[in-house]
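Undergrad: Before I ask anything, let me first share the structure, which is written out below as structure tokens.
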Amino acid sequence: MTSNIPLLPTSVVGSYAWPAWLHTALAAAQRGEYGADDMREAQDDAVDMALRDQEDAGVDIVTDGEMRRAGFFTAAFYGHLTGLRELPPRRVVGVAGHDQRESYEAIEQLRAPGGLGLVDEYNYVRSRTTHAIKMPCAGAYTLAGRIKPGAVYSDRMAVAYEMAGIINAELKALVAAGSDFIQIDEPSYAVHPNAPREFVDLFNATVAGVEAKIGLHLCFGNYVGRPVAKRSYRPLFPHILDVHAHQFALEFANRELTELELWQEFPSDIELAAGLIDVKNYYVESAEDVAERIRVALRYISPEKLSIVPDCGFSQTARWASRAKLRAMVDGTRIVRAELAGSL
């Protein structure tokens, strides 16, 4: 990773707010009005926009905004798989919810003959910025949640282990392309905290032999800005401490900083990317709001091990708010950096 990362580095979790024109481009592509090259051009432009917003705000470690991923699941990952049959949604009309989302059934062994697309994503974003880059990837258990085992697999965990092998190969290809910071997004761990030991083993299989800095993002869901679980990390303890990750990205802002004290139970060599910007709220934090949250976090973790991030991705947040929240995040971090420098 780029060596000139400052104390209290700022980053994003992964996704960024889509501009209006990218939504219309996707709709046009679904109607057959865009060809593959048309859509690629639109997505390239969207990545450039996401980078510009992050860099304008002063974010230290950027992502491509996941602009090529039409939602957390479908085109981003399942579109690269063979062996799936798409199922109709359980509900079509009414308020948006998870029961309206895509789902699949395994009809044969899952394969990703061309990979999952992350290498192409990385190669483009690397060509467009000199900043340090984090590459996010949905985790195996979370991806398995939209796939019914059918007659091919015994249960969700069996599907997840198949996905772990596919993801592991993709991550190794990503490292070979030059990526040195990869984040695995596993909201389903916290949403289904009934098998914490099994989650650890699955995660470690997913990242086995991947020679990069590994982050693990655990949240409680953010589809249409709504969580889907009792919002506590406690049920994952103590097993979660055994995952082979260098950094945990955890949400705190929308829970009024609840459970920050849990960090005292983590090994001292692990980093915390503390979610201190609430992406589920249209209250735009001030720089001083962010600075105060950072000061609270520093009661439990040394500044050398702390990064500042939003609670989750910005995909469910309007762009105007995302931009303002990014600026507040960076400005608040700069306030605390100056305070720490003055105390040395």
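Undergrad: Name, by its number, the condition in (1) at pLDDT below 90; (2) surrounded by 15 or more Cβ atoms within 10 Å (Cβ to Cβ); (3) under 25 Å from A212 (Cβ atoms) that does not hold for M1.
TA: M1 satisfies every listed condition except (2).
Undergrad: Please go through segment 317-341 and pick out each residue that is part of a helix (DSSP H, G or I), modelled with pLDDT of 95 or more and small (G, A, S).
TA: Narrowing segment 317-341 to residues part of a helix (DSSP H, G or I): 319-341.
Filter once more, keeping what is modelled with pLDDT of 95 or more: 319-340.
Hits for segment 317-341 are A321, S322, A324, A328, G332, A338.
Undergrad: Can you name the condition, by its number, that Y122 falls short on among (1) over 15 Å from Q183 (Cβ atoms); (2) of a type in the set (S, T, Y); (3) touching a strand residue (DSSP E or B) at 6+ places or on another chain (Cβ under 6 Å)?
TA: Failing condition for Y122: (1).
Undergrad: Further question: Does A190 satisfy being surrounded by 19 or more Cβ atoms within 10 Å (Cβ to Cβ), in contact with a Gly (Cβ under 9 Å, 6 or more places away or on another chain), at pLDDT below 90 and aliphatic (A, V, I, L, M)?
TA: Answer is yes for this residue.
Undergrad: Any idea which of G79, G32 is free of Cβ contacts under 8 Å to residues at least 24 places away in the same chain, over 21 Å from F181 (Cβ atoms) and in a helix (DSSP H, G or I)?
TA: G79
Undergrad: Here's a follow-up. Can you name the condition, by its number, that F314 falls short on among (1) closer than 26 Å to V228 by Cα; (2) over 19 Å from the mean Cα position of the chain (by Cα); (3) not in a helix (DSSP H, G or I)?
TA: (2)
Undergrad: Considering only residues that are within 17 Å of Y300 (Cα to Cα), part of a strand (DSSP E or B) and among the charged types (D, E, K, R), which ones fall in segment 203-262?
TA: Selection gives E251 alone.
Undergrad: I'm checking my understanding of the structure. Among residues of segment 17-59 that are of a type in the set (V, I, T) and over 18 Å from P310 (Cβ atoms), which one is surrounded by the fewest Cβ atoms within 10 Å (Cβ to Cβ)?
TA: Here the residue is T24.
To keep it simple, each residue is scored yes or no on (1) at pLDDT 95 or above; (2) crowded, with 16+ Cβ neighbours inside 10 Å.
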residue: G97; (1), (2): no, no
residue: E102; (1), (2): no, no
residue: N123; (1), (2): yes, no
residue: K134; (1), (2): yes, yes
residue: T142; (1), (2): no, yes
residue: G150; (1), (2): yes, no
residue: M157; (1), (2): yes, yes
residue: I167; (1), (2): yes, yes
residue: L171; (1), (2): yes, yes
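Undergrad: Now a separate question. Restricting the search to segment 254-277, which residues are over 17 Å from L216 (Cβ atoms), under 20 Å from the mean Cα position of the chain (by Cα) and charged (D, E, K, R)?
TA: R255
Undergrad: From the list R69, R90, which residue is buried (at least 19 other Cβ atoms within 10 Å of the Cβ) and either of a type in the set (D, E, K, R) or without any contact (Cβ under 8 Å) to a residue 24 or more places away in the chain (or both)?
TA: None of the others qualify; the one that does is R69.
Undergrad: Tell me, please, whether a residue that is closer than 26 Å to K213 by Cα, assigned to a loop (DSSP other than H, G, I, E, B) and touching a helix residue (DSSP H, G or I) at 6+ places or on another chain (Cβ under 7 Å) can be found in segment 279-292.
TA: The answer is no, given that none of the residues of segment 279-292 is closer than 26 Å to K213 by Cα, assigned to a loop (DSSP other than H, G, I, E, B) and touching a helix residue (DSSP H, G or I) at 6+ places or on another chain (Cβ under 7 Å).
The rows are residues; the columns are (1) out of contact with any Lys or Arg (no Cβ under 9 Å at 6 or more places or on another chain); (2) farther than 20 Å from Y122 by Cα; (3) not basic (K, R).
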position: G145; (1), (2), (3): no, yes, yes
position: I182; (1), (2), (3): no, no, yes
position: Y189; (1), (2), (3): yes, yes, yes
position: N194; (1), (2), (3): yes, yes, yes
position: R197; (1), (2), (3): yes, yes, no
position: L202; (1), (2), (3): yes, yes, yes
position: G225; (1), (2), (3): no, yes, yes
position: D242; (1), (2), (3): no, yes, yes
position: H246; (1), (2), (3): no, yes, yes
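Undergrad: Scan segment 22-46 for residues that are within 17 Å of G117 (Cβ to Cβ), of a type in the set (D, E) and more than 25 Å from the chain's Cα centre (by Cα) and jot them down.
TA: D37
The values are calculated or read from the model by the stated rules, or taken from the named source; none is laboratory data. Note that the structure is predicted; figures quoted are calculated from it, not measured. Reconstructed Cβ throughout: ideal geometry from the backbone, glycine too, with neighbour counts over all protein chains shown.
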